[in-house]
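S.K.: The structure that follows is given in the form of structure tokens.
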Amino acid sequence: MGNADLGYWVCEHRHLALANMVGFRAVTHGEAVTDWETINPNHIAFGRGEKGFVAINNGGSSAVHTYQTSLPAGNYCDIITGNLTPDGLACTGGTVVVDGNGHFTATVAAQEALAIQVSTRTGLPSLTIEDGGVLEGTGVTRTLRLTVTLSQVSGETITVQYASADGSAVAPGDYAAVSGSLTFAAGELSKVVEVQVVGDALVEADETLTVTLSNATNATIGRAVATGTILDDDEEPEPTSWRIFLPLVVK
């Protein structure tokens, strides 16, 4: 169900602002509260380190204010009113411009809020994970390598989490499950996720697993899921040939 309002049933969690603020928590989780400001009793603002910032206006009229954040400079999408477009170049709702000192000026409507986070800056590089394959081998451990690349060079440190999941290949019998994070230093364009594959002597179909990217910082995720294929290289044994000698009887 894609609609938030279905007749008598109202799916509050599907409303844009609520759904996006769940994502905001995921992006900013673990960050300390920073840059707290009480503009007036009905108007407050605060940040979550270098990951996000919120302004809330519970007053009866709109408010214009210049806010101090700890965010890096850039153009941010207000996730209360919209999302980052799939190409990462624009916002479907409001846009906020943070300067090099962490300041931005915005108008927050009466009884409304504004929220920005590092994962919804426009023009960020995009992360892509590519499919890969490896011959299984027999009685050995081989490495399946899946390459993660950035669409462009960045001057910031970029991180992204990854985790494997079973397909027709099942851990731990066919491969060793992996999860963790990749860190791209400024200027780096590619990293590799390595999955250890367990070889056997069974003649079987090729098997697959997936690796999924999530929770990127300072980048968007263009292609989140890659398929890793374990290519079976075992062969059916040659059939055994038998020679049968029959006695010759002479009468």
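S.K.: Calculate the FRET efficiency for residue 166 and residue 83 from the Cβ-Cβ distance with a Förster distance of 22 Å, rounded to the nearest 0.05.
M.R.: 0.10
S.K.: Place a +1 charge on the Cβ of each Lys and Arg in the chain and a -1 charge on the Cβ of each Asp and Glu, then give the dipole magnitude about the Cα centre in debye, rounded to the nearest 20.
M.R.: Around 540 debye, computed over the chain.
S.K.: Where does the range 5-120 land on Rg(C-alpha)/(2.2 N^0.38 Å)?
M.R.: Against the empirical 2.2 N^0.38 Å value, I get 1.06 for the range 5-120.
S.K.: Just going by the charge dipole of the chain, with Lys and Arg at +1 and Asp and Glu at -1 on Cβ, which of 16, 128, 227 is farthest out on the positive end?
M.R.: The listed residue farthest towards the positive side: 16.
S.K.: Please identify the longest segment of the chain free of exposed chymotrypsin sites (Phe, Trp or Tyr not before Pro), where exposed means a DSSP state other than H, G, I, E or B and no more than 13 other Cβ atoms within 10 Å.
M.R.: 9-241
S.K.: Would you mind ranking 194, 37 so that the residue whose beta carbon has the fewest other beta carbons within 10 Å leads the list?
M.R.: 194, 37
S.K.: Can you compute the modelled spin-label distance between residue 97 and residue 212, with each label point 7 Å from Cα toward Cβ, in nm?
M.R.: Spacing of the two 7 Å Cα→Cβ label points: 3.8 nm.
S.K.: Something else about it: Quick check for you: which residues of the range 190-213 have the amide N under 19 Å from the point 7 Å beyond the Cα of residue 233 toward its beta carbon?
M.R.: 194-209
S.K.: Pick from 66, 141, 183 the residue whose mean-square fluctuation is largest in a GNM of the chain, springs joining Cα atoms under 10 Å.
M.R.: 66
S.K.: Moving on. With runs of 4+ DSSP H residues as the only contributors, calculate the mean residue ellipticity of the chain at 222 nm using -39,500 (n - 2.57) per run, divided by the residue total and rounded to the nearest 500.
M.R.: So the helix-based figure for the chain works out to -1500 deg cm²/dmol.
S.K.: Provide the gained length on full extension for the span residue 34 to residue 224, in nm with one decimal, where the gain is 0.36 nm per separating residue minus the Cα-Cα distance.
M.R.: 65.3 nm
S.K.: Once Lys and Arg get +1 and Asp and Glu get -1 on their Cβ, which of 91, 105, 208 lies farthest toward the positive end of the dipole of the chain?
M.R.: 105
S.K.: A follow-up question, please. Sequence-distant or interchain residues sharing an amide H contact under 5 Å with residue 43, placed H: which?
M.R.: Sorted by chain and number, the residues that satisfy this are 58.
S.K.: Taking the Cα centre of each part, how many Å lie between the range 146-219 and the range 74-124?
M.R.: 30
S.K.: I've got another one for you. Given just the C-alpha atoms of the chain, how large is their convex hull per residue in cubic angstrom?
M.R.: Here the figure is 194 Å³ per residue.
S.K.: Counting other beta carbons within 10 Å of each residue's own, what order do 91, 77 fall into, fewest first?
M.R.: Result, fewest neighbours first: 91, 77.
S.K.: A further question on this structure: Could you work out how far apart the two model spin labels at residue 61 and residue 17 are, taking each label as a point 7 Å from the Cα in the direction of the beta carbon, and quote it in nm?
M.R.: Each label point is offset 7 Å from its Cα along the Cβ direction, giving 2.1 nm.
S.K.: Can you tell me the dipole magnitude for the range 16-151 around its Cα centre, using point charges on the Cβ only (Lys, Arg +1; Asp, Glu -1), in Debye to the nearest 20?
M.R.: 180
S.K.: Does anyone have the angle between helix 16-28 and the longest principal axis of the chain? Alpha-carbon axes, 0 to 90°, nearest 10?
M.R.: Value to nearest ten degrees: 70.
S.K.: What does the extension gain come out to for residue 157 and residue 194, with contour length at 0.36 nm per residue minus their alpha carbon separation?
M.R.: Residue separation times 0.36 nm, minus the Cα-Cα distance, leaves 11.2 nm.
S.K.: Oh, and also: Taking the convex hull of the Cα atoms, report for the range 126-231 its projected area averaged over all directions, in nm².
M.R.: 6.0
Computed from the coordinates by the stated procedures, all read-outs in this text should not be read as laboratory data. Only a predicted model underlies this, so the values are computations on that prediction, with no experimental measurement involved. In this analysis, Cβ positions are derived from the backbone assuming ideal geometry, glycine residues included, and neighbour counts consider all displayed protein chains.
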